[in-house]
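The values are calculated or read from the model by the stated rules, or taken from the named source; none is laboratory data. All values derive from a computational prediction rather than experimental measurement. Counting neighbours? That spans all protein chains shown, and the Cβs are built from the backbone with ideal geometry, glycine included. Calculation scope for accessible area: heavy atoms of the full protein, side chains included, ligands and nucleic acids excluded. Shrake-Rupley method; radii C 1.70, N 1.55, O 1.52, S 1.80 Å.
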Amino acid sequence: MEQNLQQTGVRVYTFVDEAEQPSTKWWHKFCLRCHERDSTPSWQPSWWARTFPFPLFPTYRQSAQRLCILMFFFLIWGIAYVELGDAVAANGELLSMTILVISAYLIGWLWLKITTLPALIAMLVTGIAFQNLNLVHMTNEYRKLNQDLRKVALVIILMRAGLGLNANILKKHYVAVLQLGLIPWLVENFAIAILSHYLLGLPWMWSFLLGSMIASVSPAVVVPCLFRLRDAGYGVAKGIPTLLLAAAAIDDSISVAVFAIILNALFSTGSATYNIIVGPLSIIAGIGFGALWGTIASIIPEKGDTYVVPLRFLFLFFGGLFALFISSLIGWSGAGPLAIVSSGFTAAYFWEKQGWVVNKNPVSNIFRILWIFFEPILFAFTGAQITISALDPDIIKMGAICLIACLLIRMVATFLVSFGCGLNNKEKLFIGVTWLAKATVQAALGPAALDLVNNGQTTGLPPLDEEKFAKTILAMSVLSVVLSAPLGAILIVITGPRLLSRTPASKTPNEVEPNTTSIAL
């Protein structure tokens, strides 16, 4: 029709929205990254596009959504002020903690858009900055709330790890998963324990406590990077992203369980014989209780129930909280984390038989949404416990040397234990690089020993020594995140295309495992 009009002498004008045209200007690209276009139909006032042009400003739908959230915050604050009074006033402790969490989320979001590095790095630094600029006030009155919120975050982390484990993949590649998930963790654990004992002056029990925490890999850093590589076709022919994600879940589960067992033995008032017996029993009890709870979750509620999704979520979530809090109460701390992972894995296994895809089911999505709220809480509160002026420069210097040395040791160990997995040398080197990043588990467990010391529990050592050792572990947990998280993310992105073979896009779907394991924490 356009050609016919031109033939009759009628000029045809084509109007193109400038926002649709690609631009090489850096600010235009940045705005597009921050304000992603919504492809679904939406309504907006006629004056909106002229007054707030996209992508310089968000769309009307995005703006209205953020305005709703802001209004909800003010409404909740008003109700809380009426009920709690000064605690949420301008100088109140609860209000300062809330502002810290909101600021951590916004700064983390901005950091992610600018650098594409994990937002958790900026969230942690935000907490440190607020504490050292006296912008947040955390007294003993709300210390218990801080601890409980971190425990809830730990439940979400472990439950997502369990829900992301695919039984079919574990059965098919169990040798490779155990090789990559356990042996490098053991090597780094012992390396950290030995070096921290001699460089940082920690007693052996405290050294192994530190080692069990630092040795954990962070899915929060690894998973998004692996997903980008997988979507581009790198490594999918041999299922490397799937293999690494399954191994990371095993790595995290073992790390949290062993840390809890050592921490319980360290602060236990029982005999050495009792502590030796409790360790293996807590592992058996945790796995057994979790398997039973996950099995029940596949039966109750009934799969055709109208409210099956929220009921299944609440069943797993409250069961995980119960396992974690009760195991701490009775002194079997190692049982709780294993019960959470085991229940998520067992539930996902039976739900898959009922038609729910592993880690892509509605319950996994709810936990993923819940993590959006608890991620800034966990990292901001962990960072807010660091006072820079109180840190010993020698601890930081020796700690950095210890961490860098152990990261190199782990990378070499991972390369060596990858033999027999059907990988070439470049792929083995990439796996070693992938295992460098630390973040989630370190933030969740780093303050645990200091919490017990502040609550009056003792290991039998002088109180000043206990506090020093606990603060050293907290400082090392923060240092490990600050050093390794950005380094790991950058190295994965840089080395992935260079070390992994790429599968053409047309072949990728047929070569990827049908149910990929994903624990994007």
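Numbers at a glance
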{"item": "Volume of the Cα convex hull of the chain, divided per residue and given in Å³", "result": "202 Å³"}
{"item": "Heavy atoms of Thr306 accessible to a 1.4 Å probe, total area in Å² rounded to 10", "result": "120 Å²"}
{"item": "Listed residue (Ala153, Trp204, Ala167) projecting farthest to the positive dipole end of segment 133-205, Cβ model", "result": "Ala167"}
{"item": "Reduced Cα scattering model of segment 47-193, Debye log10 I(q)/I(0), q = 0.10 Å⁻¹", "result": "-0.63"}
{"item": "Cα centroid separation - segment 276-326 against segment 450-481, whole Å", "result": "31 Å"}
{"item": "Inter-part distance where segment 331-354 and segment 86-111 are each reduced to a Cα centre, Å", "result": "34 Å"}
{"item": "Check: segment 370-475 dipole with +1 on Lys, Arg Cβ and -1 on Asp, Glu Cβ, in debye", "result": "460 debye"}
{"item": "Surface accessible to a 1.4 Å probe, Phe227 within the full protein complex, Å²", "result": "50 Å²"}
{"item": "Packing rank of 280-287, 261-268, where each peptide gets the mean count of other beta carbons within 10 Å, highest leading", "result": "261-268, 280-287"}
{"item": "Range of Cα positions in segment 150-274 per principal axis (Å), largest first", "result": "51, 30, 28"}
{"item": "With at most 13 other Cβ atoms within 10 Å, longest stretch of the chain clear of loop GluC sites (Glu not before Pro) (DSSP)", "result": "37-301"}
{"item": "Debye intensity ratio I(q)/I(0), log10, segment 320-403, q values 0.27 Å⁻¹ (C-alpha model)", "result": "-1.16"}
{"item": "Heavy-atom SASA rank of Trp356, Trp371 (probe 1.4 Å, accessible area, largest first)", "result": "Trp356, Trp371"}
{"item": "Helix 174-199 axis, angle to the chain major axis (alpha carbon atoms, nearest 10°)", "result": "60 degrees"}
{"item": "Using a Förster distance of 51 Å, the FRET efficiency for Lys426-Leu75 (Cβ separation, nearest 0.05)", "result": "0.40"}
{"item": "When segment 42-111 is reduced to its Cα atoms, the Kirkwood hydrodynamic radius in Å", "result": "14.4 Å"}
{"item": "At 0.692 mPa s and 37 °C, Stokes D of segment 266-317 from Kirkwood alpha-carbon radius, µm² per second", "result": "245 µm²/s"}
{"item": "Label-point separation in nm, Leu67 to Phe322, each point 7 Å along Cα→Cβ", "result": "4.5 nm"}
{"item": "Per residue Cα convex hull volume in Å³ - calculated over segment 338-379", "result": "65 Å³"}
{"item": "Accessible area of the chain divided out per residue, in Å², using a probe of 1.4 angstrom", "result": "48 Å²"}
{"item": "Segment 271-423: equivalent-ellipsoid semi-axes (sqrt of 5 x gyration tensor eigenvalues, Cα, Å)", "result": "35, 22, 21"}
{"item": "FRET E, pair Leu461, Asp86, Förster distance 41 Å, beta-carbon r, rounded to 0.05", "result": "0.60"}
{"item": "Residues whose placed amide H lies under 5 Å from that of Tyr234, excluding near-sequence neighbours", "result": "Thr503"}
{"item": "Inter-label distance, nm, simple model (7 Å from Cα along the C-beta direction), Gln147/Ile299", "result": "3.7 nm"}
{"item": "Only Lys, Arg (+1) and Asp, Glu (-1) charged, at Cβ; segment 197-316 dipole about Cα centre in debye", "result": "200 debye"}
{"item": "Rounded percent of accessible protein surface that carbon and sulfur make up, segment 366-437, 1.4 Å probe", "result": "76 percent"}
{"item": "Lys/Arg +1, Asp/Glu -1 at C-beta; the chain dipole; positive extreme among Phe381, Leu452, Val363", "result": "Val363"}
{"item": "Three-way shape call for segment 356-403 based on the alpha-carbon gyration tensor, with the a/c threshold at 1.5", "result": "oblate"}
{"item": "Stokes-Einstein D (µm²/s) once Rh is taken as the Kirkwood radius of segment 361-471 over alpha-carbon pairs, at 10 °C in 1.306 mPa s", "result": "90 µm²/s"}
{"item": "Computed magnitude of the charge dipole of the chain (debye, nearest 20; Cβ of K, R +1, Cβ of D, E -1)", "result": "1280 debye"}
